[in-house]
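First up is the structure itself, then whatever we jot down about it.
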């Protein structure tokens, strides 16, 4: 392999300029192997020509051919010489080699392109990464500076805090000290005061003694005459009895005061209890009826029953005006419960009202309305369906009736119907008979009553006749005619009295009787009276 | 009755006609009527002599001489027949009886502002005593001056005692260095103690409500605390801030209006009435818009008995209102509605308030501020009344008649009686 160093090898350099230089110079200098074959630019055709001519000239054809052969064989290509004979070129192998070399060249070019692409990518990645790195570094710097700043502030604030704490402690200590000073001074003053007071007392005692010594001479009271006591009583000696009496009186005064206060408190208490009970009743009445929600019913059921018990108990208690603690507690507890319920109820109402006012219809309301509509629709449908069913049933019935079915079945059916009808008829007959019997009974009773009445009337008529005769006899010169009509009318009215008590039919019955009775009267003026009477009766 | 130097002048209340004139031995320092209005005592502290005069019998006389014991205070007992004299240095209290000429002594009375307290019905008397540096309270029966109860109190230095109007509870409070008020029942049992805070200056004034339901305690911290009679615990606190912000409070502000004098009418010499009206300024009340800020005075800190805190407290006779005065805001009277436990009205005056007193029959408050006007407030409204007097008449204090129809206005040297018309109902 050392041979090819000596042979002039045109260096495939990256710069085409070098090639130009080289070609212009036409020197075959051994530039040395460049291992760095980075770029393989495709030289222009001119330079290619010159390039090619530079390598192989007329003089060194054989040498160049042999060199080429050697190179190719080392690269793994088949030899360009013919196998048996040396120095004869195998064209086919040369072409193959060339082809292979071209293919290789293409591959290499592609590889180079790829590598260059990768290189570019990596380069851009590197740039990107470098930029990121620079930015991050900057950020890191900034944040570090910030941290430092914040730490500094934190330290300052902490020191301030400590200072304030210290100040506070100092102030507290001062306050404590001052308080201690005050208390110590107070005790000192008290002590001093006591000492001075004792001295003063001593002086007073002395003075008192002196004064008392001179008492007999100077201290006196001159009164012209004795004055009667304000309340007219005589003065009394001071004895134990009086002492006891005084004590008694004092206690009486105290007791009366306490009693008065207690009375006032009782009155107040009773009033308050009344008010509480009233409130409780009103609260109960305010609360809504608990029918819809079973849950609440369960809760309130026992409560209501308790309330009833409470009210019952309390009313009893109030009657006797007892006030034991348990009753008091019960009342207050029940009121509290009721109040809570009322509060909840009011809150619920408020929520509902607020919902309505805010306009945001809750899903519930919408659904309920829709529900309503749906329900109405359903109901309408149902109605329609029912109507249709009725129609169909009617049709079926008619069909049944009209359709020619089997004789047996018809007969059976007819029989059934007939039986049914017969039974019904029998029942009705039974009823009818009973009614008839009742009516008969009634009629009999009425007739008996009528007969009785008629008899009574006859008797009455006889009496009346007698009375009239008497009247006639007693008052002959008077205007009998004028008077008789009002009298008769009166009598008729009296008659109609007992008549109106009985049922209408019978009254009509009896009017006829009475009218017939009246018609029997001997008086000739009765006819117009009859009319009047019947009219009168009719109005009854 | 009024006294002029050493003369005692008795006038009729409705006509101010002179009824009697008595002469005493010395300058009279103190005058008091007996409870049945039959006798008047005149105390002359310098001489140590008390003279008693009778209204029915002008010839009757009585003289009580304490001699070298001296006299510091003197008062009637509720039955109108005994006189209690407190001797100098509070050595003892001597009880002189006008009926029996007998003398009783009460030893070691306490030298404090309100050392003797009588119950409203006049049955019992409580006396504050101090022995061996300890405070005691003795309760005496006024009918025979028998000692009923004697008990010690847990106070450092008892400052005052006062009976509740129902006569069953005695309020005992401590010096202003300690905020402590003790409530004792008639038989000497301690019912309750109330202590609002420590160390700061404490109770300045207290007042019982006429029904004995409430006890109002005014303290140096410008607050009034109300205790109720059932639990003796504080039910509310009334604050007296310098700015009133509550819109429901009515603030009446006294405003001076100078009278408009027409120069044409002026004549020389000027008529008397005109002269007085020229120099005296009329004032009326204006309703100020809330929020109102009142004049606040911070007293000097290193002086004793500073002018701060609630100095005056008074309940109205119908138990509906409480009138208070905050010494830090000396120009204002605060009227609280007791039924609602809220501030009702504030009267803002031009000068510092000297005194106020409720009408004994109605919820009507009379206020005087040291000028010649008397101010009346009632729930219907308020009015400023000028005293028609020539010259200066600085009303220092006032006192209502028990019927509520008239009141006496006192200045340093003079006094006048103001009659109020009754409304025709």
Query raised in the report: Would a scan of the stretch B:106-117 turn up a residue that is within 14 Å of chain A (Cβ to nearest Cβ) and either touching a residue at least 60 places away in the same chain (Cβ under 8 Å) or farther than 25 Å from residue B:175 by Cα (or both)?
Result: no
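Residue-wise test of (1) modelled with pLDDT of 85 or more; (2) touching a helix residue (DSSP H, G or I) at 6+ places or on another chain (Cβ under 8 Å); (3) in a helix (DSSP H, G or I); (4) at the interface with another protein chain (Cβ under 7 Å from one of its Cβ atoms).
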| position | (1), (2), (3), (4) |
| --- | --- |
| A:171 | yes, no, yes, no |
| A:176 | yes, no, yes, no |
| A:181 | yes, no, yes, no |
| A:188 | no, no, yes, no |
| A:206 | no, no, yes, no |
| A:211 | no, yes, yes, yes |
| A:216 | no, no, yes, no |
| A:222 | no, no, no, yes |
| A:227 | no, no, no, yes |
Query raised in the report: Which of the following residues is outside any loop (DSSP other than H, G, I, E, B), over 30 Å from residue B:99 (Cβ atoms) and touching a residue at least 24 places away in the same chain (Cβ under 8 Å): B:224, B:127?
Result: B:224
Report summary line: Taking the stretch B:251-286 and keeping only residues that are modelled with pLDDT of 55 or more and surrounded by fewer than 16 Cβ atoms within 10 Å (Cβ to Cβ), one is left with B:255, B:256, B:257, B:258, B:259, B:281, B:282, B:284, B:286
Query - Count of residues meeting criterion [closer than 14 Å to residue A:100 by Cβ, in contact with a helix residue (DSSP H, G or I) (Cβ under 8 Å, 6 or more places away or on another chain) and at pLDDT 80 or above] in the stretch A:44-81 - result: 2
Query - Among the candidates B:162, B:88, B:154, residue that is under 25 Å from the mean Cα position of the chain (by Cα) and either under 25 Å from residue A:201 (Cα atoms) or free of Cβ contacts under 8 Å to residues at least 12 places away in the same chain (or both) - result: B:88
**Report entry** Hey, residue B:14 out of contact with any strand residue (DSSP E or B) (no Cβ under 8 Å at 6 or more places or on another chain) and closer than 22 Å to residue B:408 by Cβ or not
**Finding:** no
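Restricting attention to the stretch B:104-119, and to residues there that are within 19 Å of residue A:198 (Cα to Cα) and assigned to a strand (DSSP E or B), which single residue is nearest to the chain's Cα centre (by Cα)?
B:109
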Query - Filtered residue count, the stretch B:331-363, keeping only those that are without any contact (Cβ under 8 Å) to a residue 60 or more places away in the chain, within 14 Å of residue B:377 (Cβ to Cβ) and in a loop (DSSP other than H, G, I, E, B) - result: 4
Query - Test: residue A:231 is out of contact with any strand residue (DSSP E or B) (no Cβ under 9 Å at 6 or more places or on another chain), in a helix (DSSP H, G or I) and modelled with pLDDT under 75 - result: no
**Report entry** Filter result for residue B:170 (within 11 Å of chain A (Cβ to nearest Cβ), touching a strand residue (DSSP E or B) at 6+ places or on another chain (Cβ under 9 Å) and part of a strand (DSSP E or B))
**Finding:** no
Requested in this report: Scan the stretch B:126-141 for residues that are facing chain A (nearest Cβ under 10 Å), more than 14 Å from residue B:190 (Cβ to Cβ) and crowded, with 17+ Cβ neighbours inside 10 Å and report the count.
Outcome: 3
Requested in this report: Go through the residues of the stretch B:191-210 one by one and say whether even a single one is surrounded by fewer than 19 Cβ atoms within 10 Å (Cβ to Cβ), away from chain A (no Cβ under 14 Å), farther than 23 Å from residue B:311 by Cβ and in contact with a strand residue (DSSP E or B) (Cβ under 7 Å, 6 or more places away or on another chain).
Outcome: yes
Report task. For residue B:120, work out the one condition from (1) surrounded by fewer than 21 Cβ atoms within 10 Å (Cβ to Cβ); (2) more than 22 Å from residue B:89 (Cα to Cα); (3) facing chain A (nearest Cβ under 8 Å) it doesn't fulfil. Result -> (3)
Report task. Go through the stretch B:25-42 and give me each residue that's more than 14 Å from chain A (Cβ to nearest Cβ) and more than 23 Å from the chain's Cα centre (by Cα). Result -> B:26, B:27
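The values are calculated or read from the model by the stated rules, or taken from the named source; none is laboratory data. All of these numbers come straight from a predicted model, not from anything done at the bench. Cβ sites come from the backbone with ideal geometry, for glycine too, and all protein chains shown count toward neighbours.
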